[in-house]
Amino acid sequence: NNVTLLAQQEKRESSARTYPRRFPIAIAKAQGVRVTDMDGREYIDCLAGAGTLALGHNHETVTSAIRDLIEAGAPLHTLDITTPTKEAFIDELLTCLPGEFAAHARVHFCGPTGADGVEAAIKLAKIATGRSNVLAFQGGYHGSTHATMSLSGNWHQKSALEGLMPNVHFMPYPYGYRCPFGLGGEAGQKAGLNFIRSVLSDPESGVAKPAAIILEAVQGEGGAIPAPDAWLRELRQITAENDVLLIIDEVQTGFGRTGKLFAFEHAGITPDIVVMSKAIGGGLPLSVIAYHGKYDKWRPGAHIGTFRGNQLAMAAGIKTLRHIRENNLADEAARKGQILESALCNLQASFPEIGDVRGRGLMMGVEMVEYGAITDHQGHPKASPALASAIQKTCFAKGLILEVGGRHSAVLRFLPPLIISDGELRDVIGIFSQAVSENCR
Ligand code: PMP
């Protein structure tokens, strides 16, 4: 049962465990949006492999693709030697990418994690430009290796590590709810862009010209914060004018989650390098970067790894991406996201502890703040990680798995599989509303 397996885990696994602390169960089975624990309890899974399981657990499309590959006697592992599976996967991936980008694109298969994709993107930008600085964003998240942690804006995760990658400079993300300039809305966004422009173009800014700027078009771990379209368009323009590469990390946002296949498409821009992982392998580990062919300046062996391009993950990925495209799951994510957002906004009208409701498509967040007019040192409403954690606990007790994230760990995050039905979404909203009313005044 749960207790036995949890006790074994407690004794044998590292203390760096995260999810088991919040969700103390052992999962025996999973199907669609639901997981079942060892004691037979069901939960609606709005974490879904941290945004990986676009088609939910054990979707027939994915399981049959894996079974078919094995039964066909296809190779499971070929290092980076090509196979029919790999070429079919690249065909499908190029079909997903916007046409004008795909026309010039090259792809590089990375180690199996999103972090390795980010590592490759940064290396390529350095090689292609001959520069070493990188600009990243406050609140961003790009992985847990040394380099990707260096690029992540979350201080508490990396504060124990000395000697991370140097040459990373953090820029203000357009986080309207907590604008670091004390300016709301467009004025705050403009101030941030002007700051970035001065760093890129003014030799007196104190920062040597960077190779690249890396960002998420919707910050995920940072608390479901979308970059406004106009802001992203202007950032694209600033980087192009200054010959600095724009790397968009679509590890969490990619393949329909935000209501478009890629989050950068909302702004109608294309990056120079795009990093993809999570949904791309249909639940199996796979990470790929795509970039304009003119940047393909690698020397052979410049970014290698044993598990580059797992064949099973590619087989699952082909069918997953095709299913997302053919069933318009991006549009569905947009539609369902609106249902979720309007329900959360209604709830906000009754509970002032819901400070902010935001996100895009099926990547929504609810930021909890202290009751009453309590503010932090910047004059913003004081974030309440305690309340977010209490609501998460209540949801879990009622059969709903929701992650908490954000800079102050005060944002409840909704990342359900894109195939969640309207009825299941109503159940999610119902449980969450109950949990909010039980924990707020
Ligand atoms: N980039 C983003 C935007 C992510 O959300 C994540 C994972 N949450 C990563 C990179 C790192 O991916 P992985 O955990 O597979 O290394």
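Some notes on this structure:
- For the pair ASP39 and ALA349, a Förster radius of 35 Å applied to the C-beta separation gives a FRET efficiency near 0.40, rounded to the nearest 0.05.
- For TYR173, distant residues with modelled amide H under 5 Å away: GLN138
- Centroid-to-centroid separation of region 1-61 and region 182-251 [C-alpha atoms, Å]: 37
- Computed packing ranks the peptides 382-388, 88-94 as 382-388, 88-94, most packed first, by mean other Cβ atoms within 10 Å.
- Distance (nanometres) between label positions extended 7 Å along Cα→Cβ at ALA7 and HIS156: 3.1
- Anisotropy class assigned to region 141-281 is rounded, per the alpha carbon gyration tensor with a/c under the 1.5 cut-off.
- Averaging the sequence gap over all C-alpha pairs within less than 8 Å and six or more residues apart, then dividing by the number of residues, gives the chain a relative contact order of 21 percent.
- Distance (nanometres) between label positions extended 7 Å along Cα→Cβ at ILE70 and ARG335: 3.5
- Scoring 395-402, 102-109 by mean Cβ neighbours within 10 Å over their residues and listing the highest first yields 395-402, 102-109.
- Added length on full extension, which subtracts the Cα-Cα distance from 0.36 nm per residue, ALA88 to HIS146: 17.6 nm
- Most mobile listed residue (GLU250, GLU234, GLU341) in the chain, GNM with C-alpha springs under 10 Å: GLU234
- Tensor-based shape of region 74-326 (alpha-carbon gyration tensor, a/c under 1.5 rounded, otherwise prolate or oblate): prolate
- Helical contribution to [θ] at 222 nm, DSSP H n ≥ 4, -39,500 (n - 2.57), averaged over the chain, rounded to 500: -12000 deg cm²/dmol
- Peptides 345-357, 112-124 ranked from most to least packed give 112-124, 345-357, packing being the mean of other C-beta atoms within 10 angstrom over each peptide's residues.
- Near LEU246: Cβ cut-off under 9 Å, other residues only, Lys/Arg at +1 and Asp/Glu at -1. The net charge is 0.
- Prolate/oblate/rounded call for the chain, Cα gyration tensor, a/c under 1.5 rounded: oblate
- Within region 373-391: backbone nitrogen closer than 18 Å to the ARG21 label point (7 Å, Cα to C-beta): 384-391
- Under a model in which nothing but the beta-carbon of Lys, Arg (+1) and Asp, Glu (-1) is charged, region 313-441 shows a dipole of about 280 debye around its Cα centre.
Rule-based calculations on the coordinates, nothing more; no lab input. All values derive from a computational prediction rather than experimental measurement. Here the Cβ is made from the backbone with ideal geometry for all residues, glycine too, and neighbour counts use every protein chain on show.
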